[in-house]
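Read the structure below first, then the notes.
The values are calculated or read from the model by the stated rules, or taken from the named source; none is laboratory data. Every value quoted in this text rests on a predicted model; they were computed, and no experiment measured them. Here Cβ is always computed from backbone atoms with ideal geometry, including for glycine, and neighbour counts include all displayed protein chains. Surface areas here come from the heavy atoms of the whole protein model, side chains and all, with no ligands, DNA or RNA. Shrake-Rupley method; radii C 1.70, N 1.55, O 1.52, S 1.80 Å.
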Amino acid sequence: MTKGYFMLNAGNSLAMLALMTGLGLVFYPVLSGLRRIPASLWLITHGASLQAAFLILVYALVTDDFSVSYVVSHSETSLPLIYKISAAWGGHGSSLLFWVMLQAGWMGLFYRFCRPFSVAQKNIALSFMAMISSGLVGLLLVSSPFAPVASALSPDCSGLNPMLQDAGLIFHPPALCLGYGGLTVVFGMVMSSLLSSDGGKLFACRPWLLVAWSWLTLGIVLGSRWAYTELGWGGWWFWDPVENASLMPWLTATAMLHQLWRVRARNHCSGSLVLLAIATQALILVGTFLVRSGVLTSVHAFAMQPATGVAILGFIVVVAGFSLVLYALRAPANATGKLSGQSLVLLSVVMLLLVACGSILLGTLYPIGFEAFGSGRISVGAPYFNAFFIPLALLLAAILTGFSVHIRQVSLIAIVGEATLFVLAGLVLSWLVAGIGWMTWLVLTMMLWTVWSQLCYVRHQPNKAGAVMAHIGLVLAMAGACLSDAGLVQKEIGLRPGQQETLGGYQFVFMGTTPVRGPNYLADYAFFSVTDDAGRRTDMHPEKRWYARPDVVMTEAAVDSTWRRDLYITLGEPLAQGAWSVRLQVKPFISLLWLGGGLMVLAGFWAVGSRMWRYRQGTESLRASGQSGLAV
């Protein structure tokens, strides 16, 4: 017990030290007394204290230290080791600690490697980053994971939520937190450029923004895949407010990437870019409010007290209000003049992304506000969001295609020929995949033409390979979402052992179930034999699991994936005579969704890596010629 309480006190003390050093970095540029200690030392102390606190929490989880209330509520002795470790970012307080620890790592990388910024500019940027970090640490102290147990009850009493006992917990939250931390670095860099009136340094944000965007994209894709395999209903996106919380800053970050290209040649600070950076940071905090305030009932949300939500709202007001006041005082004058064709296209893309983000924000917050004013409860679901997103996605694909055609300077006859070819190809494919439907035909036509146009574009602009890869990934993801929905066939039936059912060209034979014991659960393990028209056989094993801690029954879906389709089987409830209710689904081409998402992630890292390679090659050339280069 003495050891446990020592660790609790050490964890809380380290969190308090992180708060103090974070506040020191916030006021470092304006208080001369703080500058007696180098900013690097403040930063090292801030990051090291957070890392040490996190390691203490991990140690408590791994060693089953049930004197810590967080361990009692998120672990148990029979929990597999990998989930004990990942439980360190599976709760409210612990995930805040993990997030702010990764953000401190981002801050250290920025201070060490961002050469275009002067020391004074770095200190200003760190001040804004530390403002976010300090606010998160403050929220962490309010709901500390280092609280002792309230009473001497049985220590092994709760356990980790079964939905979190999945590989998704291992990878999805870290990717999101890395994305959020990187976007906070970009926010600090943009605000520093605003205050120093040195907009020429803005383009230095690009590699940091690309890496952060790539991590956030990866987090969203992994979260979507996690929901697809774990929740058991076969969907990959439900327009849940907590899902939307990560999509909104992704859209504004994507808009920032395109806006950054518009201003890259101008030696001034773009006001629109500053506003996008403020909006992105504010939306990250809005997502924090949605997930952690308790205003939502969601499988993704933390159940917290309203007081926590009030504190987060106050934090949002301080960050957004302070940033907007500085923008109003130091707002740069945007350059005027005739827009080039490329600049006009980029502006159109930015506007489309902002409209999409605004529609999500309205659909997410309106039900909350409607209920807060005592007007009852309403639900805004997929029909609302699809009504916005499907036309916007098609318009975006049309813009990408039109721009590629413009760059290639294709003749009108060639344009008509391409359009005719892809219209017919889309018609044939839509009939082969899901029957002739106007939406399927339109999406396939735009997908084929956009991919072809982007491939032709990269032949003329080989240095734009990263952007082309991301655009093709986006189009493939949209096509996968549309085709899997249009061609979906499913059936819910009751099957006894030995019975079979035919669906979508596949014969599903239910062989029965057998009881199995997992590390911390009991399960009914089902046997299905699936055969296609060509006689190829696949064995699939959905499960119905019972966890004692907590007392929860979970469905584990069986998924068999190929590039053409997914077979998806879930067990329902047991029926009489050994029968089970079963849901069978055949989802064509949903693999395009994951392929497109992975391609977008790869594109972001590719763009940064190729830039670093080109810089290294240029530096070596300068050294070989006896000259010196300036790092960018």
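The fraction of accessible area contributed by carbon and sulfur in the chain is 66 percent, rounded to a whole number (1.4 Å probe; ligands and nucleic acids excluded).
Label positions at MET612 and MET511, each projected 7 Å from the Cα along the C-beta direction, are separated by 4.8 nm. Using R0 = 25 Å, the C-beta based FRET efficiency linking LEU392 and TRP438 works out to 0.90. Placing R0 at 35 angstrom, the Cβ-Cβ distance between CYS456 and LEU324 gives a FRET efficiency of 0.25 after rounding to 0.05. A simple spin-label model places pseudo-atoms 7 Å from Cα toward Cβ; at TYR59 and LEU34 they are separated by 3.0 nm. Among 453-465, 123-135, the peptide with the highest mean count of other Cβ atoms within 10 Å heads the list, and the full ranking is 123-135, 453-465. The order of TRP236, TRP226 by accessible area, most exposed first and with a 1.4 Å probe, is TRP236, TRP226.
With contacts taken as Cα pairs under 8 Å at a separation of at least 6 residues, the chain carries a relative contact order of 12 percent.
The shape of segment 489-595 comes out oblate: with a ≥ b ≥ c from the C-alpha gyration tensor, a/c is at least 1.5 while a/b does not beat b/c.
Per residue, the Cα convex hull of segment 369-509 amounts to 197 Å³. Taking a straight Cα-Cα cut-off under 13 Å and skipping sequence neighbours fewer than 8 places away in the same chain, the aspartates and glutamates within cross-link reach of LYS122 are ASP198.
Shape analysis of segment 36-83 based on the Cα gyration tensor places the equivalent ellipsoid semi-axes at 32, 10, 6 Å, largest first. Bridging of LYS84 to aspartates and glutamates at a Cα separation below 15 Å is possible for ASP64, ASP65, GLU76, ASP156, ASP166, once same-chain residues fewer than 8 apart are set aside. For ILE82 and PHE6, a Förster radius of 30 Å and the Cβ-Cβ distance give a FRET efficiency of 0.65, rounded to the nearest 0.05. Matching the structure-derived Cα extents along the principal axes in Å against the labelled list (1) 96, 53, 44; (2) 82, 80, 61; (3) 144, 64, 55 gives the label (2).
By a 1.4 Å probe calculation restricted to protein chains, VAL325 has an accessible surface near 80 Å², given to the nearest 10. An oblate overall shape is assigned to segment 344-399, the ratio a/c of its alpha-carbon gyration tensor axes (a ≥ b ≥ c) being 1.5 or greater and a/b not exceeding b/c.
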